[in-house]
1. Check off (1) on the phi > 0 side of the Ramachandran plot; (2) in contact with a Pro (Cβ under 6 Å, 6 or more places away or on another chain) for LEU22 and give me the number that stays unchecked.
2. Considering only residues that are among the β-branched types (Val, Ile, Thr) and either surrounded by fewer than 16 Cβ atoms within 10 Å (Cβ to Cβ) or closer than 20 Å to GLN63 by Cβ (or both), which ones fall in segment 10-48?
3. Scan (1) at pLDDT 95 or above; (2) over 15 Å from MET1 (Cβ atoms); (3) surrounded by 14 or more Cβ atoms within 10 Å (Cβ to Cβ); (4) not aromatic (Phe, Trp, Tyr) for the single condition ALA94 breaks and write down its number.
4. Scanning for something of a type in the set (Val, Ile, Thr) and modelled with pLDDT under 95, does segment 42-49 turn up at least one residue?
5. Identify, from the list LEU100, LEU62, the residue that is under 18 Å from LYS21 (Cα atoms) and of a type in the set (A, V, I, L, M).
6. Read through the list (1) out of contact with any helix residue (DSSP H, G or I) (no Cβ under 8 Å at 6 or more places or on another chain); (2) on the phi < 0 side of the Ramachandran plot, then give the number of the only condition that TYR91 fails.
7. Considering only segment 51-59, I want to know if a residue exists there that is closer than 22 Å to VAL19 by Cβ, among the charged types (D, E, K, R) and under 11 Å from the mean Cα position of the chain (by Cα).
8. Taking only segment 73-98 into account, find how many residues are more than 21 Å from PRO33 (Cα to Cα) and in contact with a strand residue (DSSP E or B) (Cβ under 7 Å, 6 or more places away or on another chain).
Amino acid sequence: MEAMQAGELAIEPQQAPGVLKLHWRGKSNAREPSAVISPYLQRVFQTSAREGSTVEMHFEQLQYFNSSTIAAVIAAIQNARAHGLRLVLVYKAALRWQSLSFEALRIFAKADGLVELRAV
């Protein structure tokens, strides 16, 4: 899987046994980030489904994202769930903006265990 660069946002993949980690870095402040993020994540999800691996999105090193990026993350959660993929969102609890944003996404963590939010 290749890395993605869009403006100040970079998503760098790291393959591990049974897990595809996506490290989000920089800033996501584009007006319509889903135009780039969604097709990239679709390819990631196809690869993960084929390999039977979990996708972990790591946001700890992300400096900022706007509300349009949250919409793209929500679409990714729904897409992963629709395909039966396990998705883990890892964020830095010490960063107030990340904590507030990701705690609001806890509504997507259901009893099926497909979506997990992990504070570090």
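1. Unmet condition: (1).
2. Result: ILE11, VAL19, VAL36, ILE37, THR47.
3. (3)
4. Yes: segment 42-49 contains one or more residues that are of a type in the set (Val, Ile, Thr) and modelled with pLDDT under 95.
5. After ruling out the rest, the residue left standing is LEU62.
6. For TYR91, the failing item is (1).
7. The answer is yes; a qualifying residue exists.
8. So the count comes out to 3.
The values are calculated or read from the model by the stated rules, or taken from the named source; none is laboratory data. Quick caveat, the model's predicted, so the values are computed rather than measured. A quick note on method: Cβ atoms are made from the backbone with ideal geometry, for glycine too, and the neighbour counts reach across all protein chains shown.
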